[in-house]
Amino acid sequence: MTGTKQLGNFTPEDAPEYGDVLQCMRCGFCLPTCPTFSLTGRERSSPRGRVALARAVSEGKLEFNQAMKEEAYFCLDCRACTTACPSGVKAGEVMEICRAQAHQQQPLPKWQSVFRNFILQKMLPSPDLLETSMLPARLYQKLGIQWLVRNSKILKLAPAWIDKAEGMIPEMHQPLRQQIPQFSPATTEKRGTVAFFLGCVMTLMYAEVSRQTVRVLNHQGYDVITPKEQKCCGAPHLTEGDRETTRTLATHNLDLFMKLDVDAIVTDCAGCGSALKEYEEILAERQDHNRLEHFRHKIKDISEFLVEVGIRTEGLKPVNKVVTYHEPCHLCHAQGITKQPREAIQSIPGIELREMDESSWCCGSAATFSLKFTEESQKILDRKLNNVKKTEADVLITANPGCHLQLAWGLRQAEMPQPVLHLSELLGEATPD
Amino acid sequence: MISEHITAKLVQLLTKENVITEQEDLLVLGYDSTPGLHAMPDIVVYPVSSEQVRDIMIIARDEGIAITPRGSGTGLSGGSIPIQGGIVICLNKLNKILEIDEENLTATCQAGVVTLDLFNAVAEKGLFYPPDPGSQKISTMGGNVMEDAGGLRGLKYGVTRDYVMALKCVLPDGSLLSTGGKSVKDVAGYAFKDLLVGSEGTLGIITEITVKLIPPPQDKKTFLTYFDDIRTAGEAVSKIIAAKIIPSTMEIMDKATINCVEDYVSIGLPREMAALLLIEVDGHPAVVAEEAIAVNKILEQVGAAEIHIAKDAEEAVSLAEARRTALSALARVCPTTLLEDATVPRSLLPETFTLIEKLAEKYHLRVGTFGHAGDGNLHPTVLCDERDKDEMRRAHAFYDELYEQVLEWGGTVSGEHGIGIAKKDYLARQIGAGGVAVMRRVKNSFDPQGILNPGKIFESKQES
């Protein structure tokens, strides 16, 4: 989707393709699926409206102005409209590209841009820096400051997003990347070898989940290779409009993983999986097409992989619980994976999967959306929690750290009893030692 | 341009939240689903009550400003596009279902209620509202009534018009008109309700609608039939009707449409077949069983390539859903989809398919055809690129020639999409100068100032 010549009021670098915006025939099938349109009823905050704005910019009828920037960021990038669109329009991707335009055309104030560049270009690409940066958070919990802060309600005085961000931090452990062995052998009859892509949020905040992912894979008969040199997948950079850093990270990961002789590259983070599968487009102009396609076909979400090879159910321990499943947008809409997680859940003896209404409706987390638009995010979350409540399930299952953080926080705030588990944790519970 | 004092008046009436003046918002409220059409409104308002609709109309009347009603913008003839600017009045916030009357079998709702929401609400009470336009998940009841929307069930159950029992609307002079009621029979005076249905928002703005409901069919059977030749499919349609069977649905898709829809839904439609028919018979289980046997026999006789029967209700619904995406799915393969709405007496379907094929070849165009075969209502869709001027010229020549023949056969230029902006010329050809003159007189008696949805259906006097 990268144009080379100037298109209307877009700058040439990282601009939408004209054909991609022209593709929309404005039938409106996307409207009832869009959480932000549902929230506001405002056409410009709908996929159809956003694509129309992008088209107006590309036809020179509209400047790339503040409103365009607002819509690029107000879009959750949940891709529900992509699933709903019979014409194949990718409004979410167009908005993602418009975020890159926003940074070119409407630079941030100096201090903000220094901060942004530090996070995106220095910290996220460096696992070591990233892990060190989490040390204060761990100390904050260990030394009991968190307890003090939460009980004193002092953060009610701060902007809403700070209070929420603090509230979302899960109980943190040592980052997994430093501890996980580079090679972890199959614990039952061997079926093959896979590489594990360990996402940043997973290693930092959900170390226990990814530990279970590896354990489940081992028990399913796979040797797991987790290369220590892997870096961030580049998804945060895409959502923040820094496509160039994504390309750098993508190239690094591509080279690293293509050197390995593995059956698949597995991830337990829907956001990472979706970004890794998009390397094909992101690096289209810089890499050999066959190599990218090969890489693309190796990337598998954990549930996608397990269902594809067939889950060995012999020896699994029964889990006598009623669970409901929230579909991460980046799994169901961005990757089209809807059946596999359900099949994986139902492979566990004793489990009852009770479907919630609107299971593929966004939870309002959407990368930094939940902190940038705390009020709107809350309304989207409330809708989700209400659907969870109606199921009366014991446990809420999901498969993406962004959703996990948001849902766990929401359930706690609403004083609802359900714990949130990643699908891998549930599978881990059923997997014998 | 709207002066500041008018904006202030509207804000005072509706609050700031419901008055839209920002350029970016206006830009996206000046289109519908018709390709190539767009116009900027000067201001957009969202009334939340019928009284507000009247008060807005009075402001438009007093100031002589054009005012164009809009629902979800899914129209296919440009009916809600404000070609003279002015006020666009969006009725989406008038979205309450007011009553479901189980004794009189009626439902009353506001104009902005989404069609499928009404369908679901009455279904919960064990009742059935049959009109189901392709856009039912998005389209509003007000828009359906104004365009007299059809749908997949038209053949047996009729179209929106056949279900409208009463309307409340605001006329361009600000007066209120209530027409029709819950009585099954009503011959008191002129049937204004019938005039308003299908008037494309040119005579009044509907605020409330009462529709007739019926008990749902107890049983149904759905056939998916493939053909090597699209004409054979046409023949099957005529033969089934001639056998005195009225299926609730007889939908057709040609090869191009099958492939685009399959690209989107991936349910295993046959990519190599020339056409498919989706046929549904419904009613009492005994009748359904009998009709299904008869339909099957006819399909075999005409030489259908394959006959499948949906295994359950779920599969039947997924097939109908797939069919509903036909138009949008065709848009996958090209930037612009020019869609038409030609309708012929159904005995002429095979000839119409031949004509479409011949003309597509003559003008070097890619055409995908789908539609309501049982109604003789086809949507030949030219798959093109609006940037290619020559192709667009050829596309228009294609339709000109097609419509000439359709009219000669006693058909119509619009089965269910309306005339709007796009087909004013064709309408004039169909009903003649005399017909247009009468329509103009009707329009004048409702809207002497010419402020309500100007420039639609026929040229207004000033333009002609």
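The values are calculated or read from the model by the stated rules, or taken from the named source; none is laboratory data. Quantities reported herein were computed from a predicted structural model and do not represent experimental measurements. Note that each Cβ is placed from the backbone with ideal geometry, even for glycine, and that neighbours are counted across all protein chains shown. Accessible surface is based on the protein model in full, side chains and every heavy atom, while ligands, DNA and RNA are left aside. Shrake-Rupley method; radii C 1.70, N 1.55, O 1.52, S 1.80 Å.
Residues being farther than 28 Å from B:L383 by Cα, under 26 Å from the mean Cα position of the chain (by Cα) and assigned to a loop (DSSP other than H, G, I, E, B): count how many of those fall in the stretch A:1-40. Residues meeting the conditions: 2. Within the option set A:G364, A:G350, A:G428, A:G410, being in contact (Cβ under 8 Å) with a residue 40 or more places away in the chain and either in a loop (DSSP other than H, G, I, E, B) or touching a Pro at 6+ places or on another chain (Cβ under 7 Å) (or both) holds for one residue only, A:G364. Open to solvent by less than 10 Å² (accessible area, probe 1.4 Å), within 10 Å of chain A (Cβ to nearest Cβ) and either in contact with a Phe, Trp or Tyr (Cβ under 8 Å, 6 or more places away or on another chain) or part of a helix (DSSP H, G or I) (or both), is that true of B:L10? In short, no.
Report whether or not B:F128 is within 14 Å of chain A (Cβ to nearest Cβ) and surrounded by fewer than 24 Cβ atoms within 10 Å (Cβ to Cβ). Reasoning before the result, please.
On the way: within 14 Å of chain A (Cβ to nearest Cβ): no; surrounded by fewer than 24 Cβ atoms within 10 Å (Cβ to Cβ): yes.
In short, no.
Looking only at the stretch A:123-145, count how many residues are of a type outside the set (A, V, I, L, M), surrounded by 12 or more Cβ atoms within 10 Å (Cβ to Cβ) and within 23 Å of A:T248 (Cβ to Cβ). Full working, then the answer.
Filtering the stretch A:123-145 down to residues of a type outside the set (A, V, I, L, M) leaves A:125-128, A:131-133, A:136, A:138, A:140-142, A:144.
Still in the list and also surrounded by 12 or more Cβ atoms within 10 Å (Cβ to Cβ): A:125-127, A:131-133, A:138, A:140-141.
Among the residues that remain, those that are also within 23 Å of A:T248 (Cβ to Cβ) are: A:125-127, A:131-133.
Summing the residues that are of a type outside the set (A, V, I, L, M), surrounded by 12 or more Cβ atoms within 10 Å (Cβ to Cβ) and within 23 Å of A:T248 (Cβ to Cβ) in the stretch A:123-145 gives 6.
A search for C-beta distances below 8 Å between a residue of the stretch B:25-41 that is in contact (Cβ under 8 Å) with a residue 40 or more places away in the chain and any residue that is among the acidic types (D, E) and not in a loop (DSSP other than H, G, I, E, B), counting only pairs 6+ apart in sequence or on different chains, returns B:L29/A:E43.
I'd like to verify a number: residues in the stretch A:57-67 that are under 26 Å from the mean Cα position of the chain (by Cα) and more than 7 Å from every other protein chain (Cβ to nearest Cβ), how many? So that I can check it myself, show each step before the final result.
Narrowing the stretch A:57-67 to residues under 26 Å from the mean Cα position of the chain (by Cα): A:67.
Pick out the ones that are also more than 7 Å from every other protein chain (Cβ to nearest Cβ) and you get none.
Residues flagged as under 26 Å from the mean Cα position of the chain (by Cα) and more than 7 Å from every other protein chain (Cβ to nearest Cβ) within the stretch A:57-67 amount to 0.
Does B:R324 satisfy the criteria of being closer than 30 Å to A:R48 by Cα, within 14 Å of chain A (Cβ to nearest Cβ) and in contact with a helix residue (DSSP H, G or I) (Cβ under 6 Å, 6 or more places away or on another chain)?
Details: closer than 30 Å to A:R48 by Cα: yes; within 14 Å of chain A (Cβ to nearest Cβ): yes; in contact with a helix residue (DSSP H, G or I) (Cβ under 6 Å, 6 or more places away or on another chain): no.
Criteria not met by B:R324.
If the condition is being more than 10 Å from chain B (Cβ to nearest Cβ), buried (at least 24 other Cβ atoms within 10 Å of the Cβ) and among the aliphatic types (A, V, I, L, M), then the stretch A:31-56 contributes only A:A54.
Looking across the stretch B:332-377 at every residue that is part of a loop (DSSP other than H, G, I, E, B) and more than 14 Å from every other protein chain (Cβ to nearest Cβ), the one that is farthest from B:G411 (Cα to Cα) is identified as B:H364. Restricting attention to the stretch A:307-330, the residues being closer than 12 Å to A:L427 by Cα, open to solvent by less than 20 Å² (accessible area, probe 1.4 Å) and hydroxyl-bearing (S, T, Y) number 0.
Please find, among B:A310, B:A286, B:A274, the residue that is surrounded by fewer than 17 Cβ atoms within 10 Å (Cβ to Cβ) and either under 19 Å from B:L155 (Cβ atoms) or free of Cβ contacts under 8 Å to residues at least 60 places away in the same chain (or both).
Sole residue among the options that is surrounded by fewer than 17 Cβ atoms within 10 Å (Cβ to Cβ) and either under 19 Å from B:L155 (Cβ atoms) or free of Cβ contacts under 8 Å to residues at least 60 places away in the same chain (or both): B:A286.
So which of A:E293, A:E285 is surrounded by fewer than 22 Cβ atoms within 10 Å (Cβ to Cβ), modelled with pLDDT under 95 and of a type in the set (D, E, K, R)? Reasoning before the result, please.
Numbers: A:E293 fails: modelled with pLDDT under 95.
Residue meeting the stated conditions: A:E285.
For A:P107, work out the one condition from (1) more than 20 Å from the chain's Cα centre (by Cα); (2) outside any loop (DSSP other than H, G, I, E, B) it doesn't fulfil. It is condition (2) that A:P107 fails.
With respect to B:A329, determine if the residue is in a helix (DSSP H, G or I) and within 14 Å of chain A (Cβ to nearest Cβ). Yes.
For B:L383, the test of being assigned to a helix (DSSP H, G or I) and within 13 Å of another protein chain (Cβ to nearest Cβ) is failed.
When A:I225, A:I169 are screened for being hydrophobic (A, V, I, L, M, F, W, C), surrounded by fewer than 23 Cβ atoms within 10 Å (Cβ to Cβ), touching a strand residue (DSSP E or B) at 6+ places or on another chain (Cβ under 6 Å) and touching a residue at least 12 places away in the same chain (Cβ under 8 Å), only A:I225 passes.
Selection over the stretch B:402-436 of residues that are assigned to a loop (DSSP other than H, G, I, E, B) and either out of contact with any strand residue (DSSP E or B) (no Cβ under 7 Å at 6 or more places or on another chain) or of a type in the set (S, T, N, Q) (or both) gives a count of 8.
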